[in-house]
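The values are calculated or read from the model by the stated rules, or taken from the named source; none is laboratory data. The model shown is predicted, which means the values in this text are computed figures rather than measured ones. Heads up, the Cβs are rebuilt from the backbone with ideal geometry, glycines too, and the neighbour counts pull from every protein chain shown.
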Amino acid sequence: MQFNKCSRCGAFFMTNDSVCPNCKPKDMCDMNKLKNFLEEEGAFSSIEDISCGTGITPKNLHRFLSSDELANYDFSDLNNGPKVEL
C-alpha cells in the first residue's frame, strides 16, 4: 500500500485505489450511470454532452473514459470540447 491522493476529492489515503474509501461508492454510482447513458444514448459528440446527460463532471468523465472498465467502447470520434484541467 502507498500514500495516495484521491482523484475525486483530493484527500490523502492509504490504499491501492485511485479514489479514497469515502469516494469509492460515488465513483461506482457514476460509472454505472455512465454505462447506462452510453447504452441508451449511443450518440454523443463531446465530453460536455455526456456530462450534461449524466451529471458527471468532465474531470471524472476523462478519468472514467480512460479506464479499463470502458475499454469495449470506442471514443475515438469523441470531440473533447473545451479543455478540462485534470
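Could you pull out the residue among Pro21, Pro25 that is more than 22 Å from Phe75 (Cα to Cα), assigned to a helix (DSSP H, G or I) and not charged (D, E, K, R)?
Pro25
Does the range 1-18 hold any residues that are over 15 Å from the mean Cα position of the chain (by Cα), in a loop (DSSP other than H, G, I, E, B) and surrounded by 13 or more Cβ atoms within 10 Å (Cβ to Cβ), and which are they? Within the range 1-18, Ala11, Thr15 qualify. Mind checking which pairs have a first residue in the range 47-73 that is among the aromatic types (Phe, Trp, Tyr) and a second that is at pLDDT below 90, Cβ under 9 Å, 6 or more apart or different chains? Sorted first by the residue in the range 47-73, then by its partner, the pairs are Phe64/Leu70; Tyr73/Leu38; Tyr73/Leu65.
Scanning the range 39-55 for residues being surrounded by fewer than 17 Cβ atoms within 10 Å (Cβ to Cβ) and touching a helix residue (DSSP H, G or I) at 6+ places or on another chain (Cβ under 8 Å) gives a total of 4. With respect to being on the phi > 0 side of the Ramachandran plot, assigned to a loop (DSSP other than H, G, I, E, B) and modelled with pLDDT under 85, Gly81 fits the description. Any residue in the range 59-73 that is surrounded by 10 or more Cβ atoms within 10 Å (Cβ to Cβ) and at pLDDT below 75? So far as the range 59-73 goes, no, none of its residues is surrounded by 10 or more Cβ atoms within 10 Å (Cβ to Cβ) and at pLDDT below 75. Could you grab me the full set of residues in the range 28-46 that are within 11 Å of the chain's Cα centre (by Cα) and in contact (Cβ under 8 Å) with a residue 24 or more places away in the chain? Hits for the range 28-46 are Asp30, Met31, Leu34, Lys35.
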